[in-house]
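Have a look at the structure below before the remarks.
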Amino acid sequence: MGIIRTEDLTYVYGEGTPFRKVAVDGVNIDIDEGEIVGIIGHTGSGKSTLIQHFNGLLKPTSGKVFIDGEELFADKSRLKEIRFKVGLVFQYPEYQLFEETVYKDIAFGPKNMGLSDDEVDRRIKETARLVGLKPELLDKSPFELSGGQKRRAAIAGVMAMEPKVLILDEPTAGLDPHGRDRILGLIKEYHAEKGTTVLLVSHSMEDVAKTVSKILVMNDAKVFMYSDRSSVFARSEELSAMGLTVPQVTKVFDRLRAMGIEFQDEVFSIDYAKGLVLRLLEEKRKNLD
């Protein structure tokens, strides 16, 4: 059994009213512990509603959600403890900073878990290191930080709770290219160091392609596909038809394939594309020799 599993999960907004809308429809997924998964889908596909079920912010209209083997709403006395296993970072999390210092902001979650002061302090300092916040910044007001530092401080507040699953909803939204790369880099470093299951919700195929190992595609409230990156991007025409844009480099290589140049693998990152082209050129050179 995976760290996150759903059975026929369905959620309906406005049940019993003229505004009834099925946001998640009969979803069955099983996400293994330690995976780093991208969740993609067009606006209104159900991806944001889906992730809010994973830490109990929403209760299923029907179906079940299991976290680390436990059904979320089976025992109300266990709900709070299960919720602590799933950390959810909302879009623009820096807007939720409110404490006097960065230290206190990062401490907010761990303190609510009832941890000792020493353990809270350890988590704050370790997480600040993970997200690249220098020790001297911890005593500053969060409102004195740069935009990128605020984003990292807000993410650190959830990481410091040491959840078994970390969910980030559009973590690079509004950032410049350097800021996006910095955030994606820290997510990958966090995953590599902690082995935590990470779910990355994003509209950017480029961000997803260079960060995750598997992709969950939502379309019209249902799961269209859940597989590795190559298998998902191999269906680029179907993704485009549902309003999703595959990485630009994938489009280029799809065009080359249509022109008769064969590639065994799907191409979804610049680094991989570079290596593939160099390898093909070297093979061509050897054949000419």
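Computed FRET efficiency, Cβ-Cβ of Gln96 and Phe19, R0 45 Å: what is it to the nearest 0.05?
For R0 = 45 Å, the calculated efficiency reads 0.95.
Tell me, what HN-Hα J-couplings in whole Hz come from the Karplus equation 6.51 cos²θ - 1.76 cosθ + 1.60 at θ = phi - 60° for each residue of the range 140-153, using x for Gly and Pro?
Calculated HN-Hα couplings, in order: 7, 5, x, 7, 8, 7, 6, x, x, 5, 4, 4, 5, 5 Hz.
Based on the alpha-carbon gyration tensor of the chain and its eigenvalue square roots a ≥ b ≥ c, which shape applies: rounded if a/c is under 1.5, prolate if not and a/b is larger than b/c, or oblate?
oblate
So for Leu115, Leu199, Leu133, fewest C-beta neighbours within 10 Å to most, what's the order?
Leu115, Leu133, Leu199
So how strong a dipole does the range 38-98 carry about its Cα centre when Lys and Arg Cβ are +1 and Asp and Glu Cβ are -1, to the nearest 20 debye? Mind showing how you got there, number by number?
Working: 8 positive and 6 negative charges, 29 e Å.
It works out to roughly 140 debye.
Could you point to the residue in Leu133, Leu115, Pro18 farthest towards the positive end of the range 1-149's charge dipole, with +1 and -1 charges on the Cβ of Lys/Arg and Asp/Glu respectively?
The listed residue farthest towards the positive side: Pro18.
Using a simple charge model, +1 on the beta-carbon of Lys and Arg, -1 on the beta-carbon of Asp and Glu, nothing else, what dipole does the chain show about its Cα centre, in debye to the nearest 20?
340
If each residue's Cβ is checked for other Cβ atoms within 10 Å, how do Leu276, Leu168 rank with the fewest at the top? Display every interim value, and only then the final one.
Values: Leu276 15, Leu168 24.
Final ranking by Cβ density, sparse to dense: Leu276, Leu168.
Determine, for each peptide in 227-235, 86-94, the mean count of other beta carbons within 10 angstrom over its residues, then list the peptides with the highest first.
Highest to lowest by the protection proxy: 86-94, 227-235.
With r as the distance between the Cβ atoms of Met225 and Lys286 and R0 = 35 Å, compute the FRET efficiency 1/(1 + (r/R0)^6) and round to 0.05.
Numbers: r = 38 Å, r/R0 = 1.09.
Efficiency at R0 = 35 Å is approximately 0.40.
Provide Ile29, Ile124 in ascending order of the number of other Cβ atoms located within 10 Å of each residue's Cβ, fewest first.
Ile29, Ile124
Read the figures in this text as sums done on the coordinates, not as results from a lab. Source: prediction; values computed, not measured. We place every Cβ from the backbone using ideal geometry, glycine too, and count neighbours over all the protein chains shown.
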